Structure formats: structure tokens, C-alpha cells
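A short write-up of the structure that comes next.
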Amino acid sequence: MTKLKMSSADMVAAARARITEVETADLIAQVDDPNVVIVDIRDPRERTRTGAIPGAVHAPRGMVEFWVDPESPYHKPVFSQDGKRYVFHCASGWRSALTVATLQDMGFEAAHLRTGFSGWEADGGPIEAVK
């Protein structure tokens, strides 16, 4: 197998070096803030298995760029709210770091939950069942 120019871990580290990371305790304190939009990019099966952050918007990783882009036929209005702070998360913080770096390249300001849903769960953040 050919050696990659950059590993996935290297990509995540590069993304984390240039994006805003939110600590779990800080996001737990903001879970009911109407100006914060929490976006869960995990696979639907992950959400069904482990639950979700109450009120989080689900945007599957494969569609995020299209849903955020107002010129895309797949655009979702939830991503066009003025004055909102968007915080993305995945299970452990790797996918969300890459996602937020890509969104920032597009001109969409966002942050990500550094420890992901696993950190949220470990720190006692509220969780709702997903069916």
C-alpha cells in the first residue's frame, strides 16, 4: 500500500489548530441558550444507539456542506439564522473538527465540541433518546 501524504490524525490536528474548540462543561451550560445551535453530524445509527443532545439539529456528515450553502438545492434554513452560534459535534471530536474546518473555508463560522458526544456523556450532559 502507498504511504499517505497525510494521515487522518494529521488532518484532525491541522483542523484543530485553526478552529474554535468548545469544552464540554461550557456547552452543557449553554444547552438551553436559544442563540446556540448544536449540530450533531453522527450517523443515524450512532444517534439511535447512544441518544442525542436535547434540541440538537441532526445534519449527517455527508450533507453538511450542502445544507449550510444557501446556494445549494439542499440548503436547510436552520443554517441561515442570523446571530446564532453553531457548535458541531460527532462522537469523539475528529469528524466535527474536519467539518468545522471545511465550513470555515466556505465562510461559515462555527465551532466544535472538542470531546464529542463521548465527552458530553462522560461529563453528565443531558441526553435524549432517538428513535
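The values are calculated or read from the model by the stated rules, or taken from the named source; none is laboratory data. Quick caveat, the model's predicted, so the values are computed rather than measured. Note that each Cβ is placed from the backbone with ideal geometry, even for glycine, and that neighbours are counted across all protein chains shown. Keep in mind that these areas ignore ligands, DNA and RNA; they rest on the heavy atoms of the full protein, side chains included. Shrake-Rupley method; radii C 1.70, N 1.55, O 1.52, S 1.80 Å.
Quick notes on this one:
- Failed condition for T20, given (1) open to solvent by 10 Å² or more (accessible area, probe 1.4 Å); (2) closer than 20 Å to E128 by Cβ: (2)
- Of all the residues in the stretch 1-17, those that are part of a loop (DSSP other than H, G, I, E, B) and open to solvent by 60 Å² or more (accessible area, probe 1.4 Å) number 7.
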